[in-house]
Amino acid sequence: MKKISAILIALGLSAISFQSMSQTETINLWPEGKVPNFKSSTIHEKSETDASGILRISGVTVPTMTAYIAPKEKATGAAIMICPGGGYGILAASHEGSDFAKWFNDHGISAFVLKYRLPNEKAMTHQHEVPLMDAMQAMKLIRQSAGKWNIDKDKIGAMGFSAGGHLAATLSTHYNMGEKASEEAKPNFSILLYPVISFMPNISHGGSRDNLLGPEKSDELIKYYSNELQVSAKTPPAFLVHAEDDGAVPVENSIEYYLALKKLKISAEMHLYPLGGHGYGFRTEGKGSLANWPAAMEGWLKAMGYTK
């Protein structure tokens, strides 16, 4: 009987330990029935994992974010909202989402993986407004619950990959524009990996541009969402990573954003690598010096005061 009790106690302790280590929570961004720009449709969310282990989510019409809270003994007070890429058509939610959340937790930074709505005229009005709405709302919710999660409100950044990089850069440059402008939605810094920055001819990723703008695409909106044109003195510092042989999103996207920040004397650090292609995340094996980029990010975060 004593042996059985000991086993049950051990199992209980293991469950408690596992629970304290995981510390994840999924949060709806909007109250039920109050999702802005929502239209009733037959679109359903789908998740698929391919042979290489990449999770792809499509048909997102109900936005959420999953919180990965840093252990108290490691926490620095910093946090980051992560926007997976996918051309505004899908979300690459693991290798550009949860994998990074765990890395940030190991470095004392709480992370929030954003599952933003994917633009679709059948499921929403003015589809180009929707991802930014979700990103702004997520950033506000993180700040509003900062005390609960042991987060410093002045140390919350945004990270994005490819089209998710476009969203993080749009948040950084548009948080104070338009009727829904909000200082509470401003990132304190941004980390942009192979980001779509511009919708201008020659350097744009056409799929991301067309998926976001949809039937309302116009010269005016193309310029509005070309983030290198929207940098202001209030745009936060940025860390950028891009491969020169990126065949999907030209390296000029990062370069133009860096130059726009530099022109206004905003702190920016950019790392360009000769090999790497697109969509690698942490998967840098066989890509030469690109394997060094996570160490460069770690050094930047430390220099900026976000890690110990």
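The values are calculated or read from the model by the stated rules, or taken from the named source; none is laboratory data. Note that the coordinates shown come from a computational prediction; the quantities given were computed from them, not determined experimentally. Please note: Cβ atoms are built from the backbone with ideal geometry, for glycine as well, and neighbour counts cover all protein chains shown.
Side notes on the structure shown:
- Of all residues in region 240-279 being in a loop (DSSP other than H, G, I, E, B) and without any contact (Cβ under 8 Å) to a residue 24 or more places away in the chain, the one that is surrounded by the fewest Cβ atoms within 10 Å (Cβ to Cβ): Lys265
- Scanning region 185-204 for residues that are surrounded by 14 or more Cβ atoms within 10 Å (Cβ to Cβ) and farther than 15 Å from Tyr257 by Cα yields a total of 4.
- Every pair of residues 6+ apart whose Cβ atoms lie under 7 Å, when the first sits in region 190-210 and is within 13 Å of Leu221 (Cα to Cα) while the second is outside any loop (DSSP other than H, G, I, E, B) and charged (D, E, K, R): Ser198/Glu228; Ser198/Glu256; Phe199/Arg209
- Filter result for Trp300 (in a helix (DSSP H, G or I), touching a residue at least 12 places away in the same chain (Cβ under 8 Å), aromatic (Phe, Trp, Tyr) and surrounded by fewer than 20 Cβ atoms within 10 Å (Cβ to Cβ)): yes
- Residue tally, condition under 21 Å from Ile43 (Cβ atoms) and in a loop (DSSP other than H, G, I, E, B), over region 61-87: 7
Condition check ((1) in contact with a Phe, Trp or Tyr (Cβ under 9 Å, 6 or more places away or on another chain); (2) touching a residue at least 60 places away in the same chain (Cβ under 8 Å); (3) farther than 20 Å from Ala168 by Cα; (4) among the charged types (D, E, K, R)) across all residues:
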position	(1), (2), (3), (4)
Met65	yes, yes, no, no
Ile69	yes, yes, yes, no
Ile82	yes, yes, no, no
Gly86	yes, yes, no, no
Gly89	no, yes, no, no
Ser98	yes, no, no, no
Phe104	yes, no, no, no
Ala111	yes, no, no, no
Pro119	yes, yes, no, no
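- Qualifying positions in region 25-51 - among the hydroxyl-bearing types (Ser, Thr, Tyr) and either surrounded by 10 or more Cβ atoms within 10 Å (Cβ to Cβ) or touching a strand residue (DSSP E or B) at 6+ places or on another chain (Cβ under 7 Å) (or both): Thr26, Ser41, Ser47, Thr49
- Residues of region 284-297 classified as exposed (fewer than 15 other Cβ atoms within 10 Å of the Cβ) and of a type in the set (D, E, K, R), total: 1
- Pairing each residue of region 214-226 that is in contact (Cβ under 8 Å) with a residue 60 or more places away in the chain with any residue that is among the aliphatic types (A, V, I, L, M), provided the two are 6+ apart or on different chains, yields C-beta distances under 7 Å for Leu221/Leu213; Tyr225/Leu212.
- Complete set of residues in region 213-239 that are farther than 25 Å from Gly305 by Cβ and small (Gly, Ala, Ser): Gly214, Ser218, Ser226
- Checked against the criterion of being assigned to a helix (DSSP H, G or I), at pLDDT 95 or above and more than 22 Å from Glu269 (Cα to Cα), region 228-237 contains not a single residue that satisfies it.
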